[in-house]
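Enquirer: Have a look at this one before I ask anything.
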Amino acid sequence: MKIGITCYPTYGGSGVVATELGIALADRGDEVHFISYALPTRLALPRPRVFFHEVVAPTYPLFVSPPYTLALATKMAEVATNVGLDLLHVHYALPHAISAILARDMIAGDGIRLKVVTTLHGTDITIVGQDRSYLPITRFGIEKSDGVTAVSDYLREVTARELSVRRDVEVIPNFVDASLYRPDGASPFARTLARETECVLLHVSNFRPVKRIADVVGVFERVRHRIPARLVLVGDGPERSLAERLVSAGGFERDTLFLGNVAAIETVLPIGKVFLLPSDAESFGLSALEAMACGVPVIGTVAGGLPEVVQDGVNGFLQPVGDVDGMADAALRLVTDPVLWRRFSDSARERAVSNYPTGAIVARYRALYENVLRAR
Ligand code: GMT
């Protein structure tokens with residue numbers, strides 16, 4: 001099969017899932033063409049059967065901003081025609097689904113059949129899609145796609161409820177390569193980031209307001225009052241400076257490490273004792289799943305789809321959004337009880353391995369593509 005994949009190429013869960021999916025499909029024999037404005041961060045080329053097509057959106061004095069959606073649609077149509085794509089799989093509804101639908105309709109006139117599969121990831125529905133300026137076009141993109149998936153039951157329900165979408169949306173969860181994300185996978189460099197005696201609290205995100213970075217720092221502040229601890233923050237984004245300010249106001253710069261964007265995250269995750277994800281809403285929580293595969297239990301919130309991934313009291317503790325004291329107490333309970341921690345760590349790894357294996361989840365996407373291609 002020849003598959004076009006479009007995603008945001010920058011750091012962020014939807015781009016990661018799209019890239020890992022494309023690589024896994026190519027490894028299994030499909031031909032995959034990534035179409036985006038930059039090479040996705042986790043995509044190292046060259047590799048067999050994987051291609052990248054860059055979208056350039058020229059500007060013009062009359063345009064308010066370069067019309068990326070149109071340039072993307074044009075590139076999608078061009079690639080589909082030139083290489084004979086069977087379908088386009090777009091990740092994150094806006095604007096990718098709209099561009100794909102435009103591309104499909106553009107080339108239909110030439111007798112070329114192209115199908116469109118859209119995967120909903122989270123804020124494309126929970127934030128962007130609910131903005132009145134974008135709601136109707138998000139719904140249009142979903143309804144006109146040939147197949148639609150969501151990464152959790154929660155996201156499927158929000159899509160139906162808030163956007164009044166009536167069509168079938170299949171839940172296909174995210175996945176993790178448990179042979180790469182392993183408890184013993186820390187690099188020698190990562191092992192130097194904390195002392196043996198220090199308890200490492202980890203957080204990985206794109207530092208957007210939805211991640212509640214202040215709560216990450218708040219939990220750490222409470223934990224470090226009780227035990228030797230270190231906070232390792234991975235990623236970058238608009239709230240990183242807020243985190244830096246809070247850390248410096250709290251006077252614990254020496255115990256906090258801002259690593260910025262890290263490509264090989266699997267080499268750092270295993271040094272964590274707990275993974276903090278106190279988000280407002282998390283449709284899935286891919287970073288939490290990656291931590292679990294490395295045997296790191298999660299302290300997070302009972303928000304969105306996170307409870308579908310992390311089992312409260314089994315491989316992590318989930319508290320109400322904003323309950324910083326509750327999350328700090330839960331973290332302390334876990335890290336000060338080695339028997340409990342070991343049980344949670346083993347369970348986290350086991351859940352990632354058994355419930356979210358790359359092969360089985362990729363096979364579900366492949367089966368969906370086949371259904372979509374068979375449908376008239
Ligand atoms: O919204 C974000 O934080 C980024 C977004 C993305 O598109 O990169 O992440 C969403 O998709 C991930 C992959 O499916 C999920 O694991 C995240 O939970 C989801 N983020 C939110 O729902 C906030």
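Quick note: the coordinates plus some simple rules give every number you see, no bench work behind them. On a predicted model such as this, the values are computed, not experimentally measured, just so you know. So basically every Cβ, Gly included, is an ideal-geometry build from the backbone, and we count neighbours across all protein chains shown.
Enquirer: Share of Cα-Cα pairs in region 38-91 beyond 16 Å, in percent?
Expert: Taking all Cα-Cα pairs of region 38-91, the fraction more than 16 Å apart is 54 percent.
Enquirer: What residue among Ser345, Leu318, Ala331 has its Cα farthest toward the positive end of the dipole of region 315-362, where the charges are +1 on Lys, Arg and -1 on Asp, Glu, each on the Cβ?
Expert: The residue sitting farthest along the positive end of the dipole is Ser345.
Enquirer: Over the chain, what is the mean sequence separation of C-alpha contacts under 8 Å (at least six apart), divided by residue count, expressed as relative contact order in percent?
Expert: Here the relative contact order equals 14 percent.
Enquirer: In degrees between 0 and 90, to the nearest 10, how far off the longest principal axis of the chain does helix 153-163 point, with axes built from Cα atoms?
Expert: In the chain, helix 153-163 runs at an angle near 60 degrees to the longest axis.
Enquirer: Compute the relative contact order of region 1-57 as a whole-number percentage, counting only Cα pairs closer than 8 Å that sit 6 or more residues apart in sequence. List each step's numbers first, then the result.
Expert: Values: 95 pairs, mean separation 21.6, N = 57.
So the answer I get is 38 percent.
Enquirer: Now a separate question. What are the radius of gyration and Dmax of the chain, computed over its Cα atoms and given in Å?
Expert: 21.2, 69
Enquirer: Continuing with the same structure: Given R₀ = 30 Å, FRET efficiency for Val262-Ser164 by Cβ-Cβ distance, to 0.05?
Expert: 0.15
Enquirer: Zone of Glu78 (label point 7 Å along Cα→Cβ, backbone N under 15 Å): which residues in region 17-35?
Expert: Within reach of a label on Glu78, which here means backbone N under 15 Å from a point 7 Å along Cα→Cβ, region 17-35 contributes 34-35.
Enquirer: Still on this structure: What is the magnitude of the charge dipole of the chain about its Cα centre, with +1 placed on the Cβ of each Lys and Arg, -1 on the Cβ of each Asp and Glu, and no other charges, expressed in debye to the nearest 20?
Expert: Computed charge dipole of the chain: roughly 300 debye.
Enquirer: Then there's this: When the Debye formula is applied to the Cα atoms of region 188-355, each taken as the same point scatterer, what base-10 log of I(q)/I(0) results at q = 0.08, 0.16, 0.18, 0.19 Å⁻¹?
Expert: Taking Cα atoms of region 188-355 as identical point scatterers yields -0.19, -0.84, -1.10, -1.26.
Enquirer: Ok, one more. So what's the convex hull volume per residue for the Cα atoms of region 245-294, in Å³?
Expert: Details: hull volume 5.7 nm³, N = 50.
It comes to 115 Å³ per residue, whole-number rounded.
Enquirer: Dipole magnitude of region 157-281 about its Cα centre, charges +1 at Lys/Arg Cβ and -1 at Asp/Glu Cβ only, in debye to the nearest 20?
Expert: On the way: 17 positive and 17 negative charges, 64 e Å.
Approximately 300 debye in magnitude.
Enquirer: Build a GNM of the chain with springs between Cα atoms under 10 Å: which of His91, His225, His121 gets the top mean-square fluctuation?
Expert: Comparing His91, His225, His121 in a Gaussian network model of the chain, the most mobile one is His225.
Enquirer: Where does each of Asp329, Asp168 land when they are ranked from fewest to most other beta-carbon atoms within 10 angstrom?
Expert: Details: Asp329 18, Asp168 9.
Exposure proxy ranking, most exposed first: Asp168, Asp329.
Enquirer: Just rank Val50, Val116, Val274, fewest to most, by other beta-carbon atoms within 10 angstrom.
Expert: So the residues, fewest neighbours to most, are Val50, Val116, Val274.
Enquirer: Right, something else. So what's the projected area for region 315-376, the Cα convex hull averaged over all directions, in nm²? Before the final figure, lay out the partial values.
Expert: Values: hull surface 26.0 nm².
Convex hull of Cα atoms, orientation-averaged projection: 6.5 nm².
Enquirer: Using only Cα atoms and rounding to the nearest 10 degrees, what angle (0 to 90) does helix 338-355 make with the longest principal axis of the chain?
Expert: It works out to around 10 degrees.
Enquirer: For the chain, set up a GNM with springs between Cα atoms under 10 Å and report which of Thr81, Thr159, Thr336 has the largest fluctuation.
Expert: Highest fluctuation of the listed residues: Thr336.
Enquirer: While we're looking at this one, here's another question. Modelling each spin label as a point 7 Å along the Cα-to-Cβ direction, I'd like the Arg132/Tyr68 distance in nm, to one decimal.
Expert: Here the modelled spin labels are 2.6 nm apart.
Enquirer: What 222 nm value per residue comes from the helices of the chain, counting each DSSP H run with n ≥ 4 as -39,500 (n - 2.57) and dividing by all residues, nearest 500 deg cm²/dmol?
Expert: Roughly -12500 deg cm²/dmol at 222 nm, from the helical runs in the chain.
Enquirer: Continuing with this model, one more query. Over region 9-166, what is the relative contact order in percent, taking alpha-carbon pairs closer than 8 angstrom and at least six residues apart?
Expert: With pairs under 8 Å counted, the relative contact order is 16 percent.
Enquirer: Say each of Phe189 and Arg113 gets a label point 7 Å from the Cα, pointing the same way as Cα to Cβ; how far apart are those two points in nm?
Expert: About 4.9 nm, to one decimal.
Enquirer: Okay, next question. What are the semi-axes of the equivalent ellipsoid for region 203-259, taken as the square roots of 5 times the Cα gyration tensor eigenvalues, largest first, in whole Å?
Expert: Equivalent-ellipsoid dimensions as semi-axes: 18, 10, 10 Å.
Enquirer: Per residue, how big is the convex hull around the C-alpha atoms of region 135-229? Give it to me in cubic angstrom, could you?
Expert: 168 Å³
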